[in-house]
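The structure appears right after this line, and notes come after that.
Values quoted throughout were computed directly from the atomic coordinates according to the rules given, and no laboratory measurement underlies them. Note that this is a predicted model, so its numbers are computed, not measured. So basically every Cβ, Gly included, is an ideal-geometry build from the backbone, and we count neighbours across all protein chains shown.
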Amino acid sequence: MTEREPLLAALEWQLAAGVDEVVGFEPADRFAPPPERKAPAAPPPARRAAPVAAHPVAAVEASSGDVARTADLDALRGLLLAFDGCALKKTATNTVFGEGPAGARLMIVGEAPGADEDRQGRPFVGPSGRLLERMLAAIGFRREEVYIANTVYWRPPGNRTPSAEEVEACRPFVDRQIALVAPEVLMLAGGAAAKTLLGTTEGIMRLRGRWQRLAAADGPVDVMPTFHPAFLLRSPARKREAWRDLLAVKARLETARS
């Protein structure tokens with residue numbers, strides 16, 4: 001037997017055991033004594049505190065007047081891109097403003113961008129976006145005909161739920177976005193979006209399928225809360241209820257047109 005054969009046999013055994021990568025070029029000696037620890041360095045001298053930044057609530061209040069005066073979606077997007085009153089913006093890759101035509105008859109608002117949305121800068125992409133497109137197609141809508149947005153414009157780290165402060169910071173922009181689109185029907189995808197815009201503590205299981213009204217600049221808007229597509233991917237048995245919600249939206253839009 002050559003010196004090479006035992007080494008090859010050992011490698012084959014490790015591959016069979018599931019070892020698929022090397023973490024070092026030299027073997028570790030587990031019996032060697034631990035290295036001598038050095039005494040910790042003296043702490044650095046205290047630094048003067050930096051000036052306290054403006055409170056995010058003040059930033060939101062300062063922006064609300066300008067937001068309410070925006071004449072179109074492009075102007076609103078410009079204000080949002082210059083807005084620094086939401087901490088989520090610091091950790092996100094892209095601002096996910098929303099997309100679709102002004103004057104869309106149907107508008108959908110979800111909770112927050114996820115990883116796919118953050119990378120592409122578009123709302124509802126990836127698996128949940130593809131399901132949403134199939135849901136819309138089932139009631140005769142193409143994605144390009146619908147305006148789609150979220151209650152916050154930046155991805156929360158780790159896809160966590162946005163905090164109340166983060167939602168409140170974005171709320172003036174969301175309200176103005178709805179007013180500028182002026183949809184005939186607003187569909188709220190998921191419990192977080194429904195609770196935020198309807199100001200309720202009820203869960204989506206109780207809210208879905210029940211028509212609501214949302215006050216907007218040009219008059220109240222019909223609102224249908226329903227399940228978020230991401231939830232339907234995890235709970236496909238709920239698609240039957242979501243289908244009933246979609247049929248109700250379709251019927252309301254057909255009634256409004258006639």
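Pull up all non-local amide H partners of Ile108: gap of 5 or more, or a different chain, and H-to-H distance under 5 Å with H placed in the peptide plane.
Tyr147, Ile148, Ala149, Met187
Could you give the alpha-carbon Rg of segment 58-208 over 2.2 N^0.38 Å, rounded to two decimals?
0.98
Would you work out which of Leu207, Thr196, Gln177 lies farthest towards the positive end of the dipole of segment 99-221, given +1 charges on the beta-carbon of Lys and Arg and -1 on that of Asp and Glu, about the Cα centre?
Leu207
Taking the alpha carbon gyration tensor of segment 184-224, what are the square roots of 5 times its eigenvalues, largest first, to the nearest whole Å?
Ellipsoid semi-axes (Å, largest first): 17, 10, 8.
Counting Lys and Arg as +1 and Asp and Glu as -1, what is the net charge of the other residues whose Cβ lies under 15 Å from the Cβ of Ala215?
0
How about segment 162-258: which trypsin sites (Lys or Arg not before Pro) there lie in a loop by DSSP and see at most 14 other Cβ atoms within 10 Å?
Arg210
Please give the direction-averaged projected area of the C-alpha convex hull for segment 154-258, in square nanometres with one decimal.
Dividing the Cα hull surface by four gives the mean projection, 7.3 nm².
Under a point spin-label approximation (7 Å from Cα along Cα-to-Cβ), what is the Trp243-Thr255 distance to one decimal in nm?
2.2
Given just the C-alpha atoms of segment 104-176, how large is their convex hull per residue in cubic angstrom?
90
So what are the ³J(HN,Hα) numbers for segment 234-244, from phi and the Karplus equation (6.51, -1.76, 1.60; θ = phi - 60°), rounded to whole Hz, Gly and Pro as x?
7, 10, x, 5, 7, 4, 4, 5, 4, 4, 5
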